[in-house]
Amino acid sequence: MDTKTAIIALLGVWGVGAVSATPIMAEDRVVADDEEGRHNPLLNRVWVRQGDEAVPLGSLQIFLEDGTLVSDSCWETYRLSRWQQVSDTEISWEEDGMTITAEIAGLSDTELLLNIKLGAEVLEQRFTPAAVPFVCPDMPR
């Protein structure tokens, strides 16, 4: 191996080491436990929307601890958005260039109730944890 190749290889190893050692900043994450050590039941759970038959089957939300919101249903393409917990009772996320805010009207290990603010309108959405296993049914033809 010539000197130039050795230097490039060494710089590559140093670069990989520098990237893997980059710390995650605490303010970039939503914490799973609060200061008193209480678990946040909103996080890292698949929440399936309940109720209205107009809602696509299998509509779900996953609020990941790293600030990623996964939205999906059996009939739609999934969406990844940034989200944050604004306060104990309010969350927000980005969707199609807009910030959506929602009041957490109820939250437990078995239910999530959101009041989503859409301008002057407030849309209530109720979720429960996903049953496992679940497979989306075939699309009607």
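Could you tell me whether region 85-100 includes any residue that is at pLDDT 95 or above and part of a loop (DSSP other than H, G, I, E, B)? Yes, region 85-100 contains a residue that is at pLDDT 95 or above and part of a loop (DSSP other than H, G, I, E, B). In region 41-72, of all residues being surrounded by fewer than 17 Cβ atoms within 10 Å (Cβ to Cβ) and small (G, A, S), the one that is nearest to E111 (Cα to Cα) corresponds to G51.
With respect to the conditions (1) modelled with pLDDT of 95 or more; (2) over 21 Å from G58 (Cα atoms), L118 lacks only one, and its number is (1). Restricting region 67-84 to residues that are part of a strand (DSSP E or B) and among the β-branched types (V, I, T) leaves a set whose member that is nearest to D52 (Cα to Cα) is V70.
Annotation: of all residues in region 78-109 being among the aliphatic types (A, V, I, L, M) and touching a residue at least 12 places away in the same chain (Cβ under 8 Å), the one that is farthest from G58 (Cα to Cα) is V86. Restricting attention to region 73-84, the residues that are closer than 17 Å to F127 by Cβ, of a type outside the set (S, T, Y) and at pLDDT below 95 total 2.
The values are calculated or read from the model by the stated rules, or taken from the named source; none is laboratory data. Because the structure is a prediction, the values reported are computed rather than measured. Cβ coordinates were reconstructed from backbone atoms using ideal geometry, including for glycine residues, and neighbour counts include every protein chain displayed.
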